[in-house]
Amino acid sequence: MSHTYTGQAVRTRYGTVQVQVTMTGSTITNVSFLQLSATDSRSQQINANAGPILLEQTLAAQSAQIDGVSGATYTTQGYEQSLQSALDQA
Amino acid sequence: MPVADDSLTVLRRVEPCMGTVFSLDVRAPAVDDSAIDDVLAWLHRVEATFSTYRADSEISRIGRGELAVADASPQVAEILRRCEELERETDGYFSAYPDGRLDPSGLVKGWAIERASDRLRAAGAANHSLNGGGDVQCAGSAAPGRPWRIGVIDPSEPGRVLAVVAGDDLAVATSGTAERGAHVLDPHTHAPVTALASVTVAGRHLGTADAYATAAFAMGGAAPDWLAGLRDYRSFVVFPDGGTWASPGFAGQP
């Protein structure tokens, strides 16, 4: 049984970040962006890649066999805050 | 990071740097915060020297002909020498001039992460991993008797791990369109390359792995043949249709 939780929209200097977390039981099965606004292309580049470093953390937390990930970039404080606010509801 | 539960981690730091985020995961033994601060400060100095986004960086001034390499930081000459070697090793698919202008970024980040890792090890952090925007240098092992295991993210679905590479003192670098948009250029044509979704290269040294991944990505369909010939680096390629190719020794599925 999956449940979806929506995090707060968090404003950062790179734009607004809002994530949605899907959990199956106590496992995070997906993290997606609802909002990724940005004011310039440089910020958009950062925001477009804002997820995976946190994904690194969530994957590492779920699988004792993975210590990190390659091929994924960037995070922002806003992403972490929005994710945490979503997890707080779970 | 409240969501993390990596019980082996004794210290974690996250630091914005080089337009991305660096994540440091220290396993026992721990080191003083001041040692980590010193290494992070060094990374920021490297960024200030090599950033092509900063008009006043040494690399920008060299590119405009305002500064001679001989008058720049010694690291600049070191990087440019290594770029020339890599250009020969990669049939010109790695270049310090990917769009015609001086831009050694394809080497700098991996090199800087590797050197920062060396500094952390010298400061006493015998076992750690330093991840800069998806390029990872691991030192030592993840735990006594257990190698580091690094997952390769699916470029089309960042929630998935497509493969895992494991080893002590392991470096893993990935180049792909997800990393910098469609901005990996073929140095021969200066055209964006889109034939592959991502190239991951793993071995001992992140600077070399990063440059090889960048070069192989620019090679497009010819990448697997070239990667298969590398002696000390294993590799994993994802194609736009989701198909994958792995060199011998790049094991296995998660």
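The values are calculated or read from the model by the stated rules, or taken from the named source; none is laboratory data. Note that this is a predicted model, so its numbers are computed, not measured. Backbone-built Cβ (ideal geometry, glycine too); neighbour counts: all protein chains shown.
Test B:ASP118 against the criterion of being surrounded by fewer than 19 Cβ atoms within 10 Å (Cβ to Cβ) and assigned to a loop (DSSP other than H, G, I, E, B), and give yes or no.
Numbers: surrounded by fewer than 19 Cβ atoms within 10 Å (Cβ to Cβ): yes; assigned to a loop (DSSP other than H, G, I, E, B): no.
Criteria not met by B:ASP118.
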Worksheet item: Among the residues of the range B:215-247, which ones are part of a helix (DSSP H, G or I) and not hydrophobic (A, V, I, L, M, F, W, C)?
Response: B:GLY220, B:GLY221, B:PRO224, B:ASP225
Worksheet item: Does the range B:162-179 contain any residue that is at pLDDT below 90, within 11 Å of another protein chain (Cβ to nearest Cβ) and over 18 Å from the mean Cα position of the chain (by Cα)?
Response: yes
Practice prompt. Tell me which of these B:GLY106 doesn't satisfy, since it passes every other one: (1) in contact with a helix residue (DSSP H, G or I) (Cβ under 8 Å, 6 or more places away or on another chain); (2) among the small types (Gly, Ala, Ser); (3) not in a helix (DSSP H, G or I).
Written response: (3)
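Kindly indicate whether B:SER141 is at pLDDT below 95 and not in a strand (DSSP E or B).
Working: at pLDDT below 95: yes; not in a strand (DSSP E or B): yes.
So B:SER141 passes the test.
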Discussion item. Which of the numbered conditions does B:GLY92 fail, given that it passes all the others? Conditions: (1) surrounded by fewer than 19 Cβ atoms within 10 Å (Cβ to Cβ); (2) more than 23 Å from B:GLY229 (Cα to Cα).
Written reply: (2)
Discussion item. When you scan the range B:132-145, do you find a residue that is at the interface with chain A (Cβ under 9 Å from one of its Cβ atoms), in contact with a Leu (Cβ under 9 Å, 6 or more places away or on another chain) and of a type in the set (S, T, N, Q), even just one?
Written reply: no
Discussion item. Can you confirm whether B:ALA191 is within 19 Å of B:GLY134 (Cα to Cα), modelled with pLDDT under 95 and surrounded by fewer than 24 Cβ atoms within 10 Å (Cβ to Cβ)?
Written reply: no
Worksheet item: When the residues of the range B:1-55 are filtered to those that are over 19 Å from the mean Cα position of the chain (by Cα), among the aliphatic types (A, V, I, L, M) and assigned to a loop (DSSP other than H, G, I, E, B), which remaining residue is modelled with the lowest pLDDT?
Response: B:MET1
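Name the residues in the range B:87-103 that are assigned to a helix (DSSP H, G or I) and of a type in the set (Asp, Glu), would you? Working first, answer last.
Applying the first criterion (assigned to a helix (DSSP H, G or I)) to the range B:87-103 yields B:87-89.
Passing the criteria: B:GLU87, B:GLU89.
Specify which of the listed residues (B:ALA112, B:ALA126) is touching a Gly at 6+ places or on another chain (Cβ under 7 Å) and either in a loop (DSSP other than H, G, I, E, B) or over 22 Å from B:MET219 (Cβ atoms) (or both).
On the way: B:ALA112 fails: touching a Gly at 6+ places or on another chain (Cβ under 7 Å).
Result: B:ALA126 is the single residue among B:ALA112, B:ALA126 that is touching a Gly at 6+ places or on another chain (Cβ under 7 Å) and either in a loop (DSSP other than H, G, I, E, B) or over 22 Å from B:MET219 (Cβ atoms) (or both).
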